[in-house]
Amino acid sequence: MPFEGIYVPLLLPIEEIIDETRDIKTFRIRRPEGFTYRPGQFAEIFVPGVGEAPFSISSSPTERAFLEFSVKRIGSVTGALHRLNPGDTVGVRGPYGNGFPVEELFGRNLLFVGGGIGLAPLRSLINYVLSPEHRKSFGEVFILYGARTPKDLVFRWELERWEERKDLTLCLTVDEGDASWTKRVGLVPKVLEEVFRFPPEGWVALVCGPPIMIKFTIKALRELGFEGRSIITTLEMKMKCGLGKCGRCNIGPYYVCQDGPVFSCEVLERMPEEY
Ligand SMILES: Cc1cc2nc3c(=O)[nH]c(=O)nc-3n(C[C@H](O)[C@H](O)[C@H](O)COP(=O)(O)OP(=O)(O)OC[C@H]3O[C@@H](n4cnc5c(N)ncnc54)[C@H](O)[C@@H]3O)c2cc1C
Ligand code: FES
């Protein structure tokens, strides 16, 4: 029987709220029993009296006790979420979407390229890959993450933890540095061309960020020799039902809420321009 939370929002209290940046907060919610999901899947979060919106599950499925959603404030639902406090209740409907093709990534080297809040879905997969039970199933891990300024980097404590690990390479960049910033300054696609020095064979690139960053990152990856099927990204189309019923997220033959939001570049290149 399908998990009941797919059809009916489960009302759950917020356990913790982490201020990530001036406009991004991470909400930690107890993981309901039976809520199984893949990295890259999303859920609809419902704020009573306001409405609901889709958000990637930013925590890894290997975290048994909680789910995390990292939310950028842009409008009515995200604004209402940002005004909530620990102990307040939200509705959670899901999980939805296809998620990352984890089994196809076994044994491959993984290049993660994230921009801004686009690190949220990648973080779920990164922490899945880095977990003690799964790390041996994957090859090299290279993470390139960029934000507008140092203050806009999300998951800062986790970036520090990743930086200390010997089994991955982390490269951070910002568009504009400040007096304290000692790392790279430059746009993600440009930095990618400078720092990624491996032959592309055996690598899969997983890309998420603002549409303009995705577009130029795919171009850079193509120039580095990546084939379309070895570039995977996740779309953030506007959605309503999440269930393949309302047609809001339709592009060509696809419903992004069900067939996506994760697509290979090979599939995206066959889609109509509207994505
Ligand atoms: C599969 C999926 C996963 C997502 N994951 C995350 C996540 O992890 N973290 C996160 O912060 N956001 C995520 N989003 C985007 C998030 O759903 C929107 O920011 C949210 O719906 C905005 O709701 P709102 O009521 O606050 O904004 P509204 O008041 O509805 O809109 C405010 C403004 O934002 C624009 N807008 C709204 N939604 C979108 C959208 N999807 N794309 C582009 N413009 C939009 C509107 O046109 C309007 O101009 C995801 C979206 C999808 C489809
Ligand atoms: S959001 Fe309704 S069909 Fe995809």
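Considering all different alpha carbon pairs of segment 138-274, the Kirkwood hydrodynamic radius works out to 16.6 Å. Kirkwood-type hydrodynamic radius, the chain: 19.1 Å, calculated from all non-identical alpha-carbon pairs.
Using the 1.4 Å probe convention, the accessible area of segment 38-80 works out to 36 Å² per residue with neighbouring protein chains retained.
Could you pull out the pairs from 72/183; 25/238; 25/245 whose alpha carbons sit more than 28 Å apart here? Checking Cα-Cα distances, 25/245 exceed 28 Å.
Against the chain, whose longest principal axis comes from its Cα atoms, helix 211-223 is set at around 30 degrees. Report, to the nearest whole %, how much of the accessible area of the chain belongs to carbon and sulfur atoms, 1.4 Å probe, protein only. Carbon plus sulfur share of accessible area: 51 percent.
In a fully extended conformation the segment linking residue 156 and residue 135 would gain 5.4 nm over its present Cα-Cα distance, using 0.36 nm per residue. What the Cβ-Cβ distance of residue 22 and residue 63 gives, at R0 = 30 Å and to the nearest 0.05, is a FRET efficiency of 0.70. Highest mean packing first, where packing is the average number of other Cβ atoms within 10 Å per residue, the peptides 93-104, 170-181 line up as 93-104, 170-181.
The values are calculated or read from the model by the stated rules, or taken from the named source; none is laboratory data. The structure presented is a predicted model; accordingly, all values stated were derived computationally and were not measured. Using ideal geometry, Cβ is built from the backbone for each residue, glycine included, and neighbour counts are taken over all protein chains shown. Note: accessible area is taken over every heavy atom of the protein model, side chains too, but ligands, DNA and RNA are not part of it. Shrake-Rupley method; radii C 1.70, N 1.55, O 1.52, S 1.80 Å.
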